[in-house]
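First comes the structure, then the notes that go with it.
The values are calculated or read from the model by the stated rules, or taken from the named source; none is laboratory data. The structure presented is a predicted model; accordingly, all values stated were derived computationally and were not measured. Please note: Cβ atoms are built from the backbone with ideal geometry, for glycine as well, and neighbour counts cover all protein chains shown.
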């Protein structure tokens, strides 16, 4: 049995009564649970009678365990009966013994609902007009040709972008690298190495200041020596229909250039739509007249913190190290978490409101598609992934994520993008998918970098 009363705009207090009969059954279950956890002399795990368990842990502990056993089911029933939609796990505030059982006060924090939404239909949002810059298509073609460049020996000084075959030795003559092909100016080898290589020729021997690792760990500043054995220049393949047909999915240069142009236009439009969506959301969230419950903000702050800490952990950094490196103090960090948490919640509430106002729904096909995608990432079957969602009570959350994404798309569809002069910008929708494949023409057979030209004698 439970009573419900309003405790705030987005909070409800449940007064749940655990009757004596229910409590007695819960105590029996709690005793069996404790018997399986405790080592009780003379009894196998889980076989000690209730009286023995109660004598060992005390009647108050057993009663507390019994409340923990009985309360979740009773709270779930009360929430369903009152048609409440908790935003955070229920919080137990107080427990009181009564004549025939226990009375428990449970606080429920509800998802806020915006009574009114900011005007979003036909909303003008200023963005940068997408435009294809001169030379972008040719730049991508040159990048593709560069992937298939060959290296030819040259009898001249080495310039930036040339390749040199080098040996590097320590001051005592010990080899650091031998017969290494290195791109001049790439900065991908040793500190200071590019200085003597610029303007060098085959046969050049030069010294340079650098830092080298030492046995046992650590490093030393040393004066190393580099020997240039060969200088090679990149030779790009001629841009012909035959070459394009050999290394790409296209048959002619014209076809490749047209496709690259289409892809770049789609990419620009996609970027503009993303910018439109972000700016529109920020604007509407700022205008949303809504007070978010403190308990909800604290829960979201904790979630943001755990996600951020996990990202740092994957990079081998602790939160303390991050704060030290960024020069940010703990108070500023916590305040930033609060702002991000509050913004996340206000965005979610706004999108929920838009979804309801527009009559949007997450269809079964959309949920199944999302489950299949997430299952592939998790490397499990869609059936197993969906079962895990259901058991964890996360299926509704997934549907909510899909619904909010649809609400974002609807907002963009209903908005009016304009440039700095107030002129309306027509944004074409990508034709081959949501995110354009701007590297389509680069899907070649290898293209890992230039290879030295083979000697004809070989």
* Going by the conditions given, is residue 337 at pLDDT 90 or above, buried (at least 16 other Cβ atoms within 10 Å of the Cβ), outside the structural domain of residue 426 (by TED's automatic domain parsing) and in a helix (DSSP H, G or I)? -> no
* To do: Determine which member of the set 227, 280 is assigned to a strand (DSSP E or B) and in contact with a strand residue (DSSP E or B) (Cβ under 9 Å, 6 or more places away or on another chain).
  => 227
* Just one of the numbered conditions (1) over 34 Å from the mean Cα position of the chain (by Cα); (2) under 30 Å from residue 416 (Cα atoms) is not true of residue 63; which one? -> (2)
* Asked: Looking at the range 104-119, is at least one residue at pLDDT 95 or above and more than 30 Å from residue 400 (Cβ to Cβ)?
  -> no
* Which one of these does residue 285 not meet: (1) surrounded by fewer than 17 Cβ atoms within 10 Å (Cβ to Cβ); (2) under 26 Å from the mean Cα position of the chain (by Cα)? -> (1)
* Would you please list the contacts, defined by Cβ atoms under 8 Å and residues six or more apart or on different chains, that run from a residue in the range 117-128 that is on the phi > 0 side of the Ramachandran plot to a residue that is assigned to a strand (DSSP E or B)? => 122/416
* Looking at the range 148-190, what strands (runs of 3 or more DSSP E) fall wholly within it and have at least 2 residues that are under 41 Å from the mean Cα position of the chain (by Cα), in contact (Cβ under 8 Å) with a residue 60 or more places away in the chain and on the phi < 0 side of the Ramachandran plot? -> 150-153, 163-169
* Structure fact -> Checked 124, 113 against criteria (under 30 Å from residue 14 (Cβ atoms) and within 32 Å of the chain's Cα centre (by Cα)); the one match is 113
* Pull up the range 350-377, narrow it to residues that are closer than 14 Å to residue 411 by Cβ and assigned to a helix (DSSP H, G or I), then point me to the one that is farthest from the chain's Cα centre (by Cα). => 357
* Structure fact -> Conditions (1) touching a helix residue (DSSP H, G or I) at 6+ places or on another chain (Cβ under 6 Å); (2) surrounded by 16 or more Cβ atoms within 10 Å (Cβ to Cβ) -> residue 251 fails only (2)
* Asked: Looking at (1) touching a strand residue (DSSP E or B) at 6+ places or on another chain (Cβ under 9 Å); (2) assigned to a helix (DSSP H, G or I), which is the one condition that is false for residue 17?
  -> (2)
* Residue list for the range 198-231, filter: buried (at least 18 other Cβ atoms within 10 Å of the Cβ) and within 41 Å of the chain's Cα centre (by Cα) -> 210
* Asked: at pLDDT below 80 and more than 30 Å from residue 107 (Cβ to Cβ) - does that describe any residue in the range 56-70?
  -> yes
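Can you pull out the residues in the range 144-169 that are touching a helix residue (DSSP H, G or I) at 6+ places or on another chain (Cβ under 7 Å) and closer than 30 Å to residue 249 by Cβ?
144, 148
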* Asked: Quick one: residue 291 ticks every box in (1) loosely packed, with under 15 Cβ neighbours inside 10 Å; (2) assigned to a helix (DSSP H, G or I); (3) modelled with pLDDT under 90 bar one, so which box is it?
  -> (2)
